[in-house]
Structure formats: C-alpha cells, structure tokens
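Here the structure comes first, spelled out in structure tokens, and everything after it is commentary.
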Amino acid sequence: MSLKERIRSVSLIFACGTALFSDGYANGVIGSVNTLLNRVYGIAALKSHNYSTILSSLGFAGTVVGMLLFGYLSDKVGRKFGMMSATVIVALFSGLSAASSGAHGSIGGLLSMLSAMRFLLGIGVGAEYPCGSVSASEQSEEPGISKRAQHRWFALATNTMIDFGFVIAAFVPLVLYWIFGNNHLRAVWRLSLGLGVIPAVAVFIWRLSMDEPIRYKKDSMKRARIPYLLIIRRYGVSLAAISFTWFLYDIIVYPFGLYSSIILDRITGGSKDLTVVFGWNVVINLFYMPGTLIGAFVLDYLGPKYTMITGLLLQAIIGFFMSGFYTQLSHHIAGFAVVYGIFLSFGEFGPGNCLGLLASKSSPTAVRGQFYGAAAAIGKVGAFVGTWMFPPIIDAFGGSETVRGNTGPFWIGSGLAVLSALITFCFIRPLTQDGMVKEDREFRAYLEAHGYDTSQMGLGEDSFDSDDVIVEDEKNAVVVSEDEKKQSV
C-alpha cells in the first residue's frame with residue numbers, strides 16, 4: 001500500500017475523532033467565560049439566579065442525553081449520520097451560546113438562554129463519543145493502518161484532541177483579552193464561546209466525503225432486530241466493569257479541576273489581573289498533554305488494559321505523595337503545581353487514553369455505539385457526582401482552611417484510582433490488534449448458536465465475506481477470506 005493511501009487511512013481516523021476537540025473546548029472555555037461573566041455582571045447577580053448550579057447541571061444532562069440517544073442512532077441509522085448531526089448541533093449551539101441575551105437586556109434572561117444553549121450544545125458534544133470515537137476505533141483497524149499503531153492513532157485522534165481542546169480553550173480567552181482589554185469583556189466572553197463554531201464547521205466539511213466504516217457495513221444490525229438479552233448475557237460484565245471504571249475516573253478527574261483554581265489563587269497571590277489568571281490557566285491545562293501523548297505511544301506495547309492499570313497506579317502514588325507531603329509542598333507552590341500536573345498527566349496516560357478504546361473494542365460492531373454511549377454516560381454521571389461530592393468531603397475533613405481538609409480529596413481520589421486498577425485487572429480483558437474482526441466473527445457464531453438469524457446483519461454493500469480478516473504487513477494490505485484460510489491449512 002502506497003504512502004498516500006496510508007496517510008489517507010490515518011486521516012480518516014482523525015476525521016472521525018478530531019471533533020472531540022469541541023468537547024474539550026466547550027468544557028474548558030466555560031470556566032473562563034464564567035470568570036468574565038462575574039466581572040461583567042457581578043458575582044451577586046449570578047448567584048441570585050443560581051447560574052453556576054443550573055449551568056453545570058444542564059451541561060452534564062445534555063451530554064448524557066447525547067451519549068445515550070446517539071449511541072442508539074449510531075448503530076441503527078449510521079455512524080456518518082451521527083457524526084454529521086453532532087457537528088451541526090455543536091456548531092449551531094456554540095453560535096447561539098455566544099448570542100445569548102435576555103428580553104429588554106435582562107441578565108436573568110441572558111443567563112437562562114446561555115444555560116439552555118449549553119444543554120443543547122451538550123447533546124452534540126455527547127453525540128461525538130458514540131459516533132466519532134466509535135468510528136475512529138473502526139477506522140483504526142482498516143487497511144493502511146500498521147498493527148503496531150492501531151491503538152496509538154485512536155488515542156491521538158480522540159483523547160489527545162479533547163486535551164488539546166482544553167489547552168486552546170484556556171488560550172483563546174487570554175488572546176482575546178489581550179486584543180480587547182478590560183473595557184470590552186462582553187466581546188471577550190461572546191467570542192470565546194462563538195469561536196467554538198469554527199472547529200465544528202471545519203470537521204463537518206472534512207467528514208462530507210466519508211463513507212461508513214467497513215466494519216459497520218459488514219456487521220451492523222441497522223436492518224435487523226437487536227437481541228438485547230443475548231447481548232447482555234455475553235457482554236454485561238464487561239460493560240459493567242468499563243462503565244464503573246469510567247465512573248470512578250470521572251469522579252477523580254472532574255472535581256480535581258476545582259483544585260486548579262486554588263493553585264492559581266496561591267500562585268498569583270490572589271491576583272485579579274485577568275492576564276495573570278488566564279495565563280496560568282493555560283499552564284495548568286498544558287499538563288494534560290504530556291500524559292496523553294506519551295500514553296498514546298505506550299498503548300500498542302503494553303496494551304490498553306495494562307497501560308490503564310499503570311496510569312492509575314502511578315496516579316495513586318502521586319496522589320498519596322501529595323497528601324503525605326502537602327504541608328511541605330504548600331510552601332513551594334510552584335513545586336506543588338508541578339506535582340499536581342504530574343497527577344493529572346498520569347490520569348490521561350492511563351484511563352484518559354484507554355477507557356474509550358476499551359469501550360469501543362470490547363463490544364461487537366452491531367451494538368458498539370450503544371455500548372460506548374452507555375459506558376461514557378455512566379462516566380459523565382460520575383463527573384456530576386464528583387463535582388457535588390468533593391466540597392462536602394473537604395468540609396467533613398475540616399474545611400479548605402485546614403491541611404486535613406485539603407488533603408482529604410487526594411486520599412480519596414488516590415484510593416479510587418487503586419480500586420479502578422483492581423477492577424480493570426479482574427474484569428476487563430486485554431485487547432489485541434485487529435480484535436474487532438475476531439470479536440464480530442465470534443459474536444455471529446454466538447448468535448447463531450442461540451437460534452438468531454444473522455443473515456440480515458450488515459448493509460450488503462461489502463465486496464468480501466463478513467468473516468474476512470484483514471492481514472497487513474509493512475508493504476501490503478490484503479484481504480484473506482475464510483475459504484482461503486482453510487485451503488492454506
């Protein structure tokens with residue numbers, strides 16, 4: 001296979017997964033926007049409308065709805081339909097978020113519209129997980145992709161894009177503030193939200209010429225009844241284990257975003273200068289990148305299961321270290337920020353890179369979107385639970401003014417990381433290269449053994465048999481059918 005064809009194969013993985021950049025951007029930019037809204041309209045005005053609680057609740061709710069709804073649509077209507085719909089939703093409601101306003105200049109109306117638009121935007125963001133990520137995983141095993149890089153390209157096209165979205169989301173408000181200054185903060189927050197339209201539109205155009213992945217064409221149940229009971233019997237334990245580890249991961253990673261504001265406050269000495277606050281926010285978000293990049297290149301050597309366990313255990317060790325030496329680190333805040341950054345990096349090295357991969361490739365093509373959507377949605381519930389759970393935990397440990405109160409979340413978070421590693425070791429099976437082909441073949445055999453008619457599976461568009469195996473070496477990519485394999489034996 002030529003270099004041009006190999007590059008095209010890799011570009012298709014990124015066409016599927018890169019829209020998750022919008023997830024990172026949308027989730028990351030709202031923190032800076034809230035800081036700006038506080039400056040423009042006043043903290044008291046936002047509190048009187050319970051804005052912060054409503055916004056975070058609606059954002060999570062929209063994402064969960066998108067994951068579950070489009071998980072089903074991804075399987076029953078098509079991967080491309082799901083991906084194109086997701087980018088349209090993200091582009092439309094990013095623009096409308098930026099245009100939020102209230103009747104007669106009402107602040108309450110503005111905040112209500114912004115919250116509603118964030119809910120609808122969340123649906124589009126949530127849709128990208130079971131549509132874009134699932135398609136990226138299927139593209140990663142198509143001809144032209146080296147067996148030694150299948151997992152790597154998936155991680156780079158999905159989780160790395162999310163983390164890069166966080167970095168850009170921190171950088172954009174800073175640049176806009178440099179341009180517009182302190183007297184035009186309305187322009188800064190509106191443009192920060194509105195610029196989210198650009199990557200969504202760019203990905204929409206990129207995806208126009210895409211086709212459904214080969215795996216979907218061959219083994220989907222778009223035209224067949226889905227035997228959910230048989231599927232739960234075969235994949236229920238795996239789904240429960242992946243969902244629970246995702247739940248635990250999001251309990252850890254989302255609330256710990258709260259600590260970035262504490263670190264920023266101490267580094268800057270409580271500075272209210274937005275250049276200082278936004279600048280350090282960029283630095284904090286940059287800590288995600290080393291973990292996801294290094295982890296992507298480790299994935300194909302250790303495998304997703306053991307890469308995830310490694311990342312979780314190293315994250316736990318750093319968390320316990322921060323808890324035990326909190327007093328010493330708190331007197332050297334730059335050192336504390338670096339150790340905290342390493343803590344975040346190991347989260348991306350392990351579960352950040354691996355959970356989507358495990359959710360995608362532990363299930364058959366027929367229900368991959370729903371499997372992934374359910375696991376990701378349960379993870380989002382973990383993020384919601386963690387966001388509400390950690391402030392009371394801090395208070396129960398003695399409050400944020402005490403050493404014990406500040407170290408409590410690190411002890412608990414590290415303990416949850418160890419628990420997640422144990423669940424991964426005991427209940428999640430390792431993945432292999434080209435494992436989707438094998439899984440789909442075994443799934444068909446399982447269904448047939450239980451009396452299910454598999455003749456309606458697939459789209460009938462493929463040019464080779466549904467049990468074909470893609471075999472690739474360094475120079476060629478060929479298709480070997482079951483009959484040819486038997487003859488060779």
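The length gained by stretching the chain between ILE294 and PHE425 to full extension, at 0.36 nm per residue less their Cα-Cα distance, is 45.0 nm.
Around the Cα centre of segment 76-153, unit charges on the Cβ atoms of Lys, Arg, Asp and Glu (plus for the first two, minus for the last two) sum to a dipole of about 160 debye.
Long hydrophobic helices in the chain: the complete DSSP H runs spanning 20 Å or more by Cα along their own axis with mean Kyte-Doolittle hydropathy of at least 0.0 are 3-17, 20-41, 51-76, 79-98, 107-128, 159-180, 228-253, 288-302, 304-324, 333-347, 368-396, 403-427.
Take each peptide in 19-32, 48-61, count the other Cβ atoms within 10 Å of every residue, and average; sorted highest first, the result is 19-32, 48-61. Cross-link list LYS76/LYS380; LYS147/LYS217; LYS76/LYS217; LYS80/LYS147; LYS361/LYS438; LYS222/LYS438: which exceed 18 angstrom alpha carbon to alpha carbon? From the list (LYS76/LYS380; LYS147/LYS217; LYS76/LYS217; LYS80/LYS147; LYS361/LYS438; LYS222/LYS438), the Cα-Cα distance tops 18 Å for LYS76/LYS380; LYS147/LYS217; LYS80/LYS147; LYS222/LYS438. This ranking places GLU439, GLU348 by how few other beta-carbon atoms lie within 10 Å of each, fewest first, which gives GLU439, GLU348.
Taking K and R as +1 and D and E as -1, what net charge do the other residues with C-beta under 15 Å from the C-beta of ASP395 add up to? Please report the intermediate quantities before stating the final value.
Numbers: positive: ARG404; negative: GLU401.
Here the charged neighbours net out to 0.
Over the chain, calculate the relative contact order: mean separation of alpha carbon pairs under 8 Å at least 6 apart, over the residue count, as a percent. Let's see the in-between values first.
On the way: 836 pairs, mean separation 114.4, N = 489.
Relative contact order here is 23 percent.
The helix-only estimate of mean residue ellipticity at 222 nm for the chain, built from DSSP H runs of length n ≥ 4 each weighted as -39500 (n - 2.57), is -24500 deg cm²/dmol after division by the residue total.
Here's the picture: charge each Lys and Arg Cβ at +1 and each Asp and Glu Cβ at -1 in segment 3-440, and of ILE179, ASN38, ILE428 the one pushed furthest to the positive end of that dipole is ILE428.
Quick one: dipole size for segment 3-440, taken about the Cα centre, charges +1 on Lys/Arg Cβ and -1 on Asp/Glu Cβ, in debye to the nearest 20.
Rounded to the nearest 20 debye, it is 840 debye.
Each Lys and Arg adds +1 at its Cβ and each Asp and Glu adds -1 at its Cβ; summed about the Cα centre, segment 124-221 shows a dipole of about 200 debye.
Values quoted throughout were computed directly from the atomic coordinates according to the rules given, and no laboratory measurement underlies them. Note that this is a predicted model, so its numbers are computed, not measured. Cβ coordinates were reconstructed from backbone atoms using ideal geometry, including for glycine residues, and neighbour counts include every protein chain displayed.
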